[in-house]
Amino acid sequence: MDSILQDALIYGKKYLPSGKVANYIPELAKADPSHLGICLMLPDGSTYQAGDFQVPFTMQSIAKTFSLILALKTAGYETVFSKVGMEPTGDCFDSIVQLETKQLPPFNPMINAGAIVTVSCIKAQDPFEEFLALVRQLCFNNTIALNESVYLSEKRTGMRNRSIAYLLQSDQILEGEPEQVLDQYFHMCSVEVTTVDLARYALILANDGLDPITGTQMLEEWIVRIVKTLMLTCGMYDESGEFAVKAGIPSKSGVGGGIVATTEQGMGIATYGPVLNQKGNSIGGTHMLEYLSSKLNLHSFASKTYTAV
Ligand code: DON
């Protein structure tokens, strides 16, 4: 496995020159474009890593999987899915077009509009505190914390998200005050993790909510089923269809450069590489996952005799 991950890294690195680091949030532009890393965990707890797997990065849109879990746990299925849909959009992650043309509610919890509504559904005295507690619990790391400078940078420059939240308010979709909900959303995006943290979380998702290392049921199965389905159909924005065909691994990306991925075989994988493609997905990360899918036969719909194309 070590040598397969090294090969995946070499393969992923070849694509780095054709993308660029996110710069619409000024703090993210400081990331080192040469970084690329991966962590993979098997159900028996064995852990494999390669490259810059220990470099911390902010979750960004990967936070959307945790906020969905928290909303489903605290508000329930009916409430959440009366406010947000389950359909892929084919539009970019921060698109406003469907709100303006009144195709409401927002298509799914993995795009910004849907995630902002999902965050507004969370029933908790302090939603961010609960969110952070959930992240720490599912990543088995109590030191996970907010990256204050990314949070402030995002809050200062997040005008598109502001537009989305106010449009949602004007159509009576948003629960609560836009600025308050946005502040929660910006906090959640700015939580800092490593691939090791996210691979541990992915291991739980991959095993239907049961942590195979401790034997503890960490999440209810129905919640995990929803989250993984939406990861497969919507987790890579307007590249979700192509990524589902090529890699076939339920995954969620973030513009911080992370991708969290859960396999049918019960593996948890996370990648980090801040150079993004035009759709906002880590270019090295997507290629490493495609490589592993083909090498290890990880495609969700692959037959036993699957051969890579
Ligand atoms: O809302 C934003 O713009 C960011 N905090 C998160 C977006 C994101 O990660 C999209 N990713 N691919």
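The values are calculated or read from the model by the stated rules, or taken from the named source; none is laboratory data. Worth saying up front: this structure is predicted, and the values here are computed from it rather than measured. Don't worry about glycine lacking a Cβ; one is built from the backbone with ideal geometry, like all the others, and counts go over all protein chains shown.
Sort out which residues of the range 47-96 are within 16 Å of the ligand (Cβ to nearest atom) and in a helix (DSSP H, G or I), and write them in order of number.
Gln60, Ser61, Ile62, Ala63, Lys64, Thr65, Phe66, Ser67, Leu68
Which residues, taken from the range 150-176, are hydroxyl-bearing (Ser, Thr, Tyr) and either within 14 Å of the ligand (Cβ to nearest atom) or touching a Phe, Trp or Tyr at 6+ places or on another chain (Cβ under 6 Å) (or both)?
Tyr151, Ser153, Thr157, Ser163
Counting just the residues of the range 147-196 that are touching a residue at least 60 places away in the same chain (Cβ under 8 Å), in a helix (DSSP H, G or I) and small (Gly, Ala, Ser), which one comes out surrounded by the fewest Cβ atoms within 10 Å (Cβ to Cβ)?
Checked the range 147-196; the qualifying residue surrounded by the fewest Cβ atoms within 10 Å (Cβ to Cβ) is Ser149.
Criterion first (surrounded by fewer than 20 Cβ atoms within 10 Å (Cβ to Cβ), farther than 30 Å from Arg156 by Cβ and either at pLDDT below 95 or assigned by TED's automatic domain parsing to the domain that holds Met267 (or both)) does Lys13 satisfy it?
So Lys13 fits the description; yes.
I'd like to know if the range 220-241 contains one or more residues that are closer than 17 Å to Leu40 by Cα and at pLDDT 95 or above.
no
Return only the number of the condition from (1) in contact (Cβ under 8 Å) with a residue 60 or more places away in the chain; (2) in contact with a strand residue (DSSP E or B) (Cβ under 7 Å, 6 or more places away or on another chain) that Leu210 does not satisfy.
That leaves (1) as the condition not met.
Would you say Ala124 is touching a residue at least 12 places away in the same chain (Cβ under 8 Å) and more than 16 Å from the ligand (Cβ to nearest atom)?
yes
Quick one: in the range 129-146, of everything that is touching a residue at least 60 places away in the same chain (Cβ under 8 Å) and in contact with a Leu (Cβ under 8 Å, 6 or more places away or on another chain), which residue is farthest from Pro56 (Cα to Cα)?
Looking at the filtered set, the residue picked out is Glu130.
Filtering the range 29-58 down to residues that are of a type in the set (A, V, I, L, M) and without any contact (Cβ under 8 Å) to a residue 60 or more places away in the chain, which residue is surrounded by the most Cβ atoms within 10 Å (Cβ to Cβ)? Write out each step before concluding.
In the first step, residues of the range 29-58 are kept if they are of a type in the set (A, V, I, L, M); the result is 29, 31, 36, 38, 40-42, 50, 55.
Now restrict to residues that are without any contact (Cβ under 8 Å) to a residue 60 or more places away in the chain: 29, 50.
On the way: Ala29: 14, Ala50: 24.
Per the stated criteria, the residue is Ala50.
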